[in-house]
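**Student:** Just dropping this structure here.
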Amino acid sequence: MAQLNPYISFSGNCREAMEFYHACLGGELSIMTFGESPMKDQMPAHMHNTVMHSRLKNGGFELMAADMMSPGELIRGNDITLSLICGTKEEAQKLFSRLAEGGIVGHPLEEVYFGLFGDLTDKFGIRWMFQADNA
């Protein structure tokens, strides 16, 4: 069954924010920069220290965040995405196709180095991100 998590976008201060949330909320914090990722060679050098993905996990909640990658300016309204972490690739494909109906697909579901990934904005303007691990 899919798990729903908030995903926050920042404009260059993701590490600072996630370290603050970690100090306030406790749990386990992991942070990966673009420079530490397999995408390093595809990114300009000035982005190597920005956060590609971070995760704060504590018991029953998980908060994820990154420095905004998509084109445009970060504004209130495009800074939160609902992330569905699916148990199987089939579940991700089913949920993705249902939520994409009448919406706009940003990135179709595709295999990437960490599993299946895609994102869309539904017909109500809500941003969704989908992932299924390679397991």
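The values are calculated or read from the model by the stated rules, or taken from the named source; none is laboratory data. Everything quoted here is computed from the prediction, not taken from an experiment. Here the Cβ is made from the backbone with ideal geometry for all residues, glycine too, and neighbour counts use every protein chain on show. Surface accessibility is based on the protein's heavy atoms, side chains included, excluding ligands, DNA and RNA. Shrake-Rupley method; radii C 1.70, N 1.55, O 1.52, S 1.80 Å.
**Student:** Which residues, counting only those in the range 30-61, are under 19 Å from residue 81 (Cα atoms), touching a helix residue (DSSP H, G or I) at 6+ places or on another chain (Cβ under 7 Å) and free of Cβ contacts under 8 Å to residues at least 40 places away in the same chain?
**Tutor:** Selection gives 31, 50, 52, 56.
**Student:** Also, quick follow-up: So which residues in the range 13-64 are assigned to a loop (DSSP other than H, G, I, E, B) and modelled with pLDDT of 85 or more, if there are any at all?
**Tutor:** From the range 13-64, those assigned to a loop (DSSP other than H, G, I, E, B) are 13, 26-27, 37-39, 43-44, 48-50, 59-60; that's our starting set.
Listed by number, the residues that qualify are 13, 26, 27, 37, 38, 48, 49, 50.
**Student:** Within the range 115-125, is there a residue that is surrounded by fewer than 17 Cβ atoms within 10 Å (Cβ to Cβ), modelled with pLDDT of 90 or more and in contact with a strand residue (DSSP E or B) (Cβ under 7 Å, 6 or more places away or on another chain)? Can you show your working first?
**Tutor:** Start the filter on the range 115-125 by keeping residues that are surrounded by fewer than 17 Cβ atoms within 10 Å (Cβ to Cβ), which leaves 115, 122-125.
Subsequent filtering for residues that are modelled with pLDDT of 90 or more retains none.
Scanning the range 115-125 turns up no residue that is surrounded by fewer than 17 Cβ atoms within 10 Å (Cβ to Cβ), modelled with pLDDT of 90 or more and in contact with a strand residue (DSSP E or B) (Cβ under 7 Å, 6 or more places away or on another chain).
**Student:** Where the second residue is surrounded by fewer than 13 Cβ atoms within 10 Å (Cβ to Cβ) and the first is among the acidic types (Asp, Glu) and lies in the range 106-135, which pairs have Cβ atoms under 8 Å and are six or more apart or on separate chains?
**Tutor:** These pairs meet every condition: 122/102.
**Student:** Taking residue 128 as meeting all but one of (1) at pLDDT 90 or above; (2) open to solvent by 30 Å² or more (accessible area, probe 1.4 Å); (3) in a strand (DSSP E or B), write down the number of the exception.
**Tutor:** (1)
**Student:** Separate question: Select from the range 65-84 the residues that are modelled with pLDDT of 85 or more and in contact with a helix residue (DSSP H, G or I) (Cβ under 9 Å, 6 or more places away or on another chain) and write down the one among them that is surrounded by the fewest Cβ atoms within 10 Å (Cβ to Cβ). Give the steps one after another, and end with the answer.
**Tutor:** Kept after step one, since they are modelled with pLDDT of 85 or more, are these residues of the range 65-84: 65-67, 82-84.
Adding the requirement that they be in contact with a helix residue (DSSP H, G or I) (Cβ under 9 Å, 6 or more places away or on another chain) leaves 65-67, 84.
On the way: 65: 24, 66: 22, 67: 22, 84: 18.
Filtering the range 65-84 for residues that are modelled with pLDDT of 85 or more and in contact with a helix residue (DSSP H, G or I) (Cβ under 9 Å, 6 or more places away or on another chain), the one surrounded by the fewest Cβ atoms within 10 Å (Cβ to Cβ) comes out as 84.
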